[in-house]
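Asks: For reference, the structure I am asking about is given below.
The values are calculated or read from the model by the stated rules, or taken from the named source; none is laboratory data. Here the structure is a predicted model, which is why all the values come from computation and not from measurement. We place every Cβ from the backbone using ideal geometry, glycine too, and count neighbours over all the protein chains shown. To get the accessible areas, we keep the full protein, side chains included, count just its heavy atoms, and leave off ligands, DNA and RNA. Shrake-Rupley method; radii C 1.70, N 1.55, O 1.52, S 1.80 Å.
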Amino acid sequence: MNKRLWIVQSLLFIFFAVQVTTGQTTQNRLVIDVDLGTETIDRNIYGHFAEHLGRCIYGGFWVGEDSDIPNTRGIRNDVVDALKELHIPVLRWPGGCFADEYHWMDGIGPRDQRPSMINTHWGGVTEDNSFGTHEFMDLCELLDCEPYISANLGSGTVREMAQWVEYMTSDAVSPMTELRKQNGREKPWKVKYWGIGNESWGCGGSMEPGYYDDLMRHYSTYCKNYGDNRLYKIACGANSYDYEWTRVLMQDSQNRRQMHGLSLHYYTVTHNWRNKGSATQFDENEWFQTLDKTLQMEELIQRHSTIMDEYDPDKRIGLMVDEWGTWHDVEPGTNPGFLYQQNTLRDALAAAINLNIFNHHCDRVKMANIAQTVNVLQAMILTQDREMVLTPTYHVFKMYRVHQDATLLPAHLSSEQYSLGENSIPALYASASKDANNRIHISVVNVNPVKDIQLACELRGKSVIETVTAEILTAERINAYNEFGKEPAVEIKPFKSLRIDGQNLIVDMPARSVVVIEVK
Ligand code: AHR
């Protein structure tokens, strides 16, 4: 080997050795095409879901007008104020499984005269129907969000569903509109999102896809557009990997003409449905497993979308991931039918990964609704009588609200792996968008619980970076969570460990963190 070649090789070796030992490898790189975005991230991707389940509605949202917990017409002020910070775009109600045994007429009129029923799915408790259509629409007005009604196909009639649409949205003279006026609402409401059955393959009727397909045609035929109200009809979609369900619904050309959206449900379950694992007591193996299972959302969306593309290449029909989130064992000592779980930093990272995935697929994913808003599953808020706690997941939704209605920017990420035992997944996840004021937002997740990682972001097409600000969500422990009556252990903090280096932004991503960066 000649001497010059030897010197060059030695220098290269030293250069890479220094980079590796200082963790300054160039393999962690995010290239963002700032001037190339074409797709809008529908704000409804940041949607929510509230079911008559456990303490979501009763105790969570609704305390009644006579409660000494501060409320507006029976709806908790603290919960509404906190949720308004998230800019909730859309709220799905009344279920879930509850929707297919809910008879809306039981939930209107004087509250003390409303019939009660047994909530057979969720703890067998008595539902007194004190929170019904008017109360839900009042809640949506307080939150300034769109209602998404999930209507009863499983045990309700075609007539019942048709009359609910008429009651809510018609201005004509009819017994239904008279009834609405008698109940205190003169003007019709605007209701766009209308779900026709929930999990009809399971709790919503145990149907085969072909049978549901026929019912979907049948019921939706009678869900009319009154005045200038235009329904966006959402068909019950698949359970996780049931690609056959999606195909049957999509290949029916009659149905394709009627439906505007097709749903998909996928929950992150760490072990299995019998033993889901504790929400707070877990080790690094379970941390890894939860985040690994979360990543399956990517494959699910890709594969369902591919089937949808075959029949709907223009992407007219939205994929609505109207139930998603982590599902752990209930908190010890609580009613197993109430699905009450704590919420740690692990849940926050799972939410952040999912939201990045939805952003990337915003050409097809037009809505997503995390399950559920208050006191149930991966909640934003937990309440205990008059106390309220904001969960780590709440903070992710607050940080990510900047992506709502922004333009998705093409982003190419190369990430090192996070390995545990024989398994490994990428350590970093990211998405980027540009808002109406040309501000660029980059959301990055580092799932490695023990390793800080340096990431170089190249903003291709942006000649001058004027200012950069950022926020971070992290904690000392992977299972940190916020408790009633204590200082929050997980909350948003300003983030300073980043610098501009020419056209690059060098970000020192702490272990187990979510960072959202704003570039102007
Ligand atoms: O979100 C809890 C339940 O999960 C919903 O009621 C149902 O649709 C799903 O199985």
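Asks: Within the set of pairs 6+ apart or on separate chains, which have a first residue in the stretch 257-272 that is within 30 Å of residue 219 (Cα to Cα), a second that is among the charged types (D, E, K, R), and C-beta atoms under 6 Å apart?
Replies: Here the result reads 259/233; 260/233; 263/322; 265/323, each pair linking the stretch 257-272 to a residue that is among the charged types (D, E, K, R).
Asks: Looking at the stretch 83-118, which of its residues are away from the ligand (no atom under 16 Å from the Cβ), of a type in the set (D, E, K, R) and buried (at least 17 other Cβ atoms within 10 Å of the Cβ)?
Replies: Within the stretch 83-118, 111, 114 qualify.
Asks: Would you say residue 121 is more than 16 Å from the ligand (Cβ to nearest atom) and either polar (S, T, N, Q) or at pLDDT 95 or above (or both)?
Replies: No: the conditions fail for residue 121.
Every residue, every condition in (1) within 16 Å of the ligand (Cβ to nearest atom); (2) part of a helix (DSSP H, G or I), yes or no:
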site	(1), (2)
176	no, yes
189	no, no
212	yes, yes
217	no, yes
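Asks: Out of the residues in the stretch 151-173 that are open to solvent by 20 Å² or more (accessible area, probe 1.4 Å) and in a loop (DSSP other than H, G, I, E, B), which is farthest from residue 90 (Cα to Cα)?
Replies: Residue satisfying both the conditions and the ranking: 173.
Asks: Can you name the strands (runs of 3 or more DSSP E) wholly within the stretch 422-501 that have at least 1 residues being polar (S, T, N, Q) and open to solvent by 40 Å² or more (accessible area, probe 1.4 Å)?
Replies: Answer list for the stretch 422-501: 423-426, 468-473.
Asks: Sort out which residues of the stretch 278-305 are open to solvent by less than 10 Å² (accessible area, probe 1.4 Å) and touching a helix residue (DSSP H, G or I) at 6+ places or on another chain (Cβ under 8 Å), and write them in order of number.
Replies: Within the stretch 278-305, 279, 287, 290, 291, 294, 297, 301, 304 qualify.
Asks: Looking at the stretch 21-29, is at least one residue at pLDDT 95 or above and at negative phi?
Replies: Yes, the stretch 21-29 has at least one match.
Asks: For a quick check of your reading: which strands (runs of 3 or more DSSP E) sit entirely within the stretch 307-411 and have at least 3 residues that are buried (at least 24 other Cβ atoms within 10 Å of the Cβ) and assigned by TED's automatic domain parsing to the domain that holds residue 122?
Replies: By residue number, 318-326, 365-371.
Asks: May I ask you to list the residues in the stretch 258-277 that are surrounded by fewer than 14 Cβ atoms within 10 Å (Cβ to Cβ) and either within 16 Å of the ligand (Cβ to nearest atom) or closer than 20 Å to residue 95 by Cβ (or both)? Spell out how you get there, then give the answer.
Replies: First, the residues of the stretch 258-277 that are surrounded by fewer than 14 Cβ atoms within 10 Å (Cβ to Cβ): 272-275.
Residues satisfying the conditions are 272, 273, 274.
Asks: If I go through the stretch 204-230 residue by residue, how many of them are open to solvent by 50 Å² or more (accessible area, probe 1.4 Å) and either modelled with pLDDT under 95 or not β-branched (Val, Ile, Thr) (or both)?
Replies: 13
Asks: Residue 95: assigned to a loop (DSSP other than H, G, I, E, B), of a type outside the set (Lys, Arg) and over 23 Å from the mean Cα position of the chain (by Cα), yes or no?
Replies: When the stated conditions are applied, residue 95 does not pass them.
Asks: Now a separate question. Being open to solvent by 10 Å² or more (accessible area, probe 1.4 Å) and in a strand (DSSP E or B) is the filter here, so list the residues in the stretch 231-257 that pass it.
Replies: Correct list: 232, 233, 239.
Asks: Does residue 17 meet the test of being modelled with pLDDT under 95 and among the hydrophobic types (A, V, I, L, M, F, W, C)?
Replies: Judged against the criteria, residue 17 is a match.
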